[in-house]
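These notes are about the structure you will find just below.
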There are 2 protein chains.
Amino acid sequence: MAQVQYAIGIDDVRAAAQRLAGVAHHTPVARVHALDERAGAQLFLKCENLQRVGAFKFRGAYNALAQLSDEERARGVLAFSSGNHAQGVALAARLLGIAATIVMPTDAPASKLAATRGYGAKVVLYDRYEVNREDVARKVQGETGATLIPPYDDPRIMAGQGTAALELLEEVPDLDVLFVPVGGGGLLSGCTVAATALRPGIRVYGVETEAGNDWWQSWQRNERVEIGVPKTIADGMQTTSPGRLTFPLVRALAAGIVLVSEDEVRQAMRLLLERGKLLAEPSGATSLAAALFRKAEIAGKKVGIVISGGNVDMERLATLIA
Amino acid sequence: MAQVQYAIGIDDVRAAAQRLAGVAHHTPVARVHALDERAGAQLFLKCENLQRVGAFKFRGAYNALAQLSDEERARGVLAFSSGNHAQGVALAARLLGIAATIVMPTDAPASKLAATRGYGAKVVLYDRYEVNREDVARKVQGETGATLIPPYDDPRIMAGQGTAALELLEEVPDLDVLFVPVGGGGLLSGCTVAATALRPGIRVYGVETEAGNDWWQSWQRNERVEIGVPKTIADGMQTTSPGRLTFPLVRALAAGIVLVSEDEVRQAMRLLLERGKLLAEPSGATSLAAALFRKAEIAGKKVGIVISGGNVDMERLATLIA
């Protein structure tokens, strides 16, 4: 059998973990009995909502920036992001002494805009229903010579995000199933590599909302499908197509893609808050929703859940839980 | 100098810790940089909102019930409580195979009523503006012969609650200040004993809301003052007087009582949720409010904060953060 080469392997994830040691938080794995009862399984919640910047995105961003040459660092970095990637790049850049410009949509949550500026990054806004964000980014790049840090389709980003699953599997080595939220696929691809390397036979599922089912469609057709910008409460999942590098890896090594409804996401957020006292953003709670509403065979099993982020405006949260 | 004898000493807290090992959660100590910046100090948040039943109350309840004789266990236990003590006793009783009856006010939060029943306890309701809860409890007690488990004024309860500070000081031995929410004083007295034993010179402050300032008044007059049932968002702090056993201990060993406003509590809850992704109930966030609004000398210091509980109805939370 021929050896297929994917964008990253477990060695890349391990190397990323070395770079992140002492910089990223080794986030806790939470156990909430009330959620176990509802799911009919033992859930191990990897709390990336407690990661620096409130989401896993810091892992990949720092792993990418830490590998830039001195010359590249001097020219600065550039990112386009609807939120958490922006904050991840902004904080990583500050820690490494690199200038950062972030291109953000005008309708990004106010908390994410403020936090990104708070980390010292320059923010450039654009209307994402009118303009292509890559075009905006390329324009800024042409002016400054800054290095573009892609949100997911980059081996350094993928490997960095995979360290979340590496930590989880090191702490709970006998997981049967792992649910991971999927937007562009950086987190899912990295976690799939790490989990399947440490635990051959583990079933890794990507989770997205029904409204933004580009991964689910792509999985069925076995090729990358493009959809319109989805209208979903999961604002971290508004990508329109799986990544060029992330998709083939996930399609080969993961067990599948499952879909959750907007209401299931809302219920998962609410239960996590009410019973677990932990705040997840909608995208970050999709994985928990998949377990609570049993979107795969999990009865009696040990199930890893990546709670990928916790950045929600309080006004918005109030309407989501009311 | 004569040795003054208080209701409990550090040995009682250590013995309680032995009983609780493997039963209560050893709760995490959270660090949230954004809160440090606001407080101008290093804050170490002891997350008792992540304790079993969502509050520190499980510690004292289990410590008390575990010391009952076989005969006492056979007759069952009884508690009166506005909420978290009820859940603590109910769960401890279930774990030890003891029947529990809980006397609760009719206006207790719905989530606390449901949770108490969910742990298998029998709930008896009474109107706390009309009837004295001790009378109701004594009536039930006369019928069943059950042992009354007081909410705070009991050495076993005080020692159990003190294990929260014992764990915190073992993990962060060089704290300068400790803020502890105070209702009846079970948590404050136990934590004061533990903290001052492990760290002589530490300044321990009890925190209550301005609306329910019975401890603050009692501290000033150096005697226990009785106030009317306070109307405050901190529903875990609706006691009307310090405890007979808890007050003298706290008055002798703690550094003082500080007051926070209703709005300061709301802001602390909101910031903890927004920046720390952790849910505290209003009473549980008073200690954080004391630090954020610098109610004592904390500039540049290492400050322990007991986040005492996280049980809030979601509907109520929505109005608190909106």
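The values are calculated or read from the model by the stated rules, or taken from the named source; none is laboratory data. Note that the coordinates shown come from a computational prediction; the quantities given were computed from them, not determined experimentally. Don't worry about glycine lacking a Cβ; one is built from the backbone with ideal geometry, like all the others, and counts go over all protein chains shown. Only protein heavy atoms, including side chains, enter the accessible area calculation; ligands, DNA and RNA are left aside. Shrake-Rupley method; radii C 1.70, N 1.55, O 1.52, S 1.80 Å.
General remarks:
- Filter result for residue A:261 (farther than 30 Å from residue B:28 by Cα, assigned by TED's automatic domain parsing to the domain that holds residue A:28 and within 19 Å of the chain's Cα centre (by Cα)): yes
- Among the residues of segment A:154-180, those identified as open to solvent by 10 Å² or more (accessible area, probe 1.4 Å) and under 27 Å from residue A:212 (Cα atoms) are A:154, A:155, A:156, A:176.
- When each of A:264, A:281 is tested for being surrounded by fewer than 22 Cβ atoms within 10 Å (Cβ to Cβ) and at negative phi, the lone residue that passes is A:264.
- Residue list for segment A:218-247, filter: of a type in the set (A, V, I, L, M, F, W, C) and over 19 Å from residue A:180 (Cβ atoms): A:225, A:227, A:229
- Helices (runs of 4 or more DSSP H) contained in segment B:1-81 and holding at least 1 residues away from chain A (no Cβ under 14 Å), touching a Leu at 6+ places or on another chain (Cβ under 9 Å) and polar (S, T, N, Q): B:57-65
- Test: residue in segment B:59-76 that is under 22 Å from residue B:289 (Cα atoms), buried (at least 24 other Cβ atoms within 10 Å of the Cβ) and basic (Lys, Arg): no
- For segment B:46-58, the set of residues classified as open to solvent by less than 10 Å² (accessible area, probe 1.4 Å), touching a Gly at 6+ places or on another chain (Cβ under 7 Å) and touching a residue at least 60 places away in the same chain (Cβ under 8 Å) consists of B:46, B:48, B:49, B:54, B:55, listed by residue number.
- Identity of the residue in segment B:108-151, of a type in the set (Ser, Thr, Tyr) and over 19 Å from residue B:93 (Cβ atoms), that ends up most open to solvent (accessible area, probe 1.4 Å): B:129
- Candidate set from segment B:109-133 (those that are more than 14 Å from chain A (Cβ to nearest Cβ) and touching a residue at least 40 places away in the same chain (Cβ under 8 Å)); member that is nearest to residue B:143 (Cα to Cα): B:133
- Scanning segment B:197-245 for residues that are in contact with a Phe, Trp or Tyr (Cβ under 6 Å, 6 or more places away or on another chain) and either modelled with pLDDT under 95 or closer than 22 Å to residue B:168 by Cα (or both) yields a total of 4.
- Segment B:187-203, residues that are in contact with a Ser or Thr (Cβ under 8 Å, 6 or more places away or on another chain) and assigned to a loop (DSSP other than H, G, I, E, B): B:202
- Test: residue in segment A:220-232 that is under 16 Å from the mean Cα position of the chain (by Cα), of a type in the set (A, V, I, L, M, F, W, C) and surrounded by fewer than 24 Cβ atoms within 10 Å (Cβ to Cβ): no
- Taking the conditions (1) surrounded by fewer than 22 Cβ atoms within 10 Å (Cβ to Cβ); (2) free of Cβ contacts under 8 Å to residues at least 60 places away in the same chain in turn, residue B:198 satisfies each one other than (2).
- Test for residue B:302: is it assigned by TED's automatic domain parsing to the domain that holds residue B:211 and free of Cβ contacts under 8 Å to residues at least 12 places away in the same chain: no
- Residue B:217, sole failed condition from (1) open to solvent by less than 20 Å² (accessible area, probe 1.4 Å); (2) closer than 28 Å to residue B:5 by Cα; (3) not hydroxyl-bearing (Ser, Thr, Tyr): (1)
- Count - residues of segment A:13-45 that are among the polar types (S, T, N, Q), open to solvent by 70 Å² or more (accessible area, probe 1.4 Å) and touching a helix residue (DSSP H, G or I) at 6+ places or on another chain (Cβ under 8 Å): 1
- Which numbered condition residue A:206 fails, given (1) crowded, with 24+ Cβ neighbours inside 10 Å; (2) part of a helix (DSSP H, G or I); (3) not hydrophobic (A, V, I, L, M, F, W, C): (2)
- Condition check for residue B:240: in contact with a Ser or Thr (Cβ under 8 Å, 6 or more places away or on another chain) and open to solvent by less than 50 Å² (accessible area, probe 1.4 Å): no
- Pick from segment B:82-99, criterion within 11 Å of residue B:121 (Cβ to Cβ) and not in a helix (DSSP H, G or I), ranking: most open to solvent (accessible area, probe 1.4 Å): B:99
- Residue B:159 vs. criteria within 19 Å of residue B:297 (Cα to Cα) and modelled with pLDDT of 95 or more: no
- Scanning segment B:230-264 for residues that are free of Cβ contacts under 8 Å to residues at least 60 places away in the same chain and among the basic types (Lys, Arg), we see that the one that is farthest from residue B:113 (Cα to Cα) is B:251.
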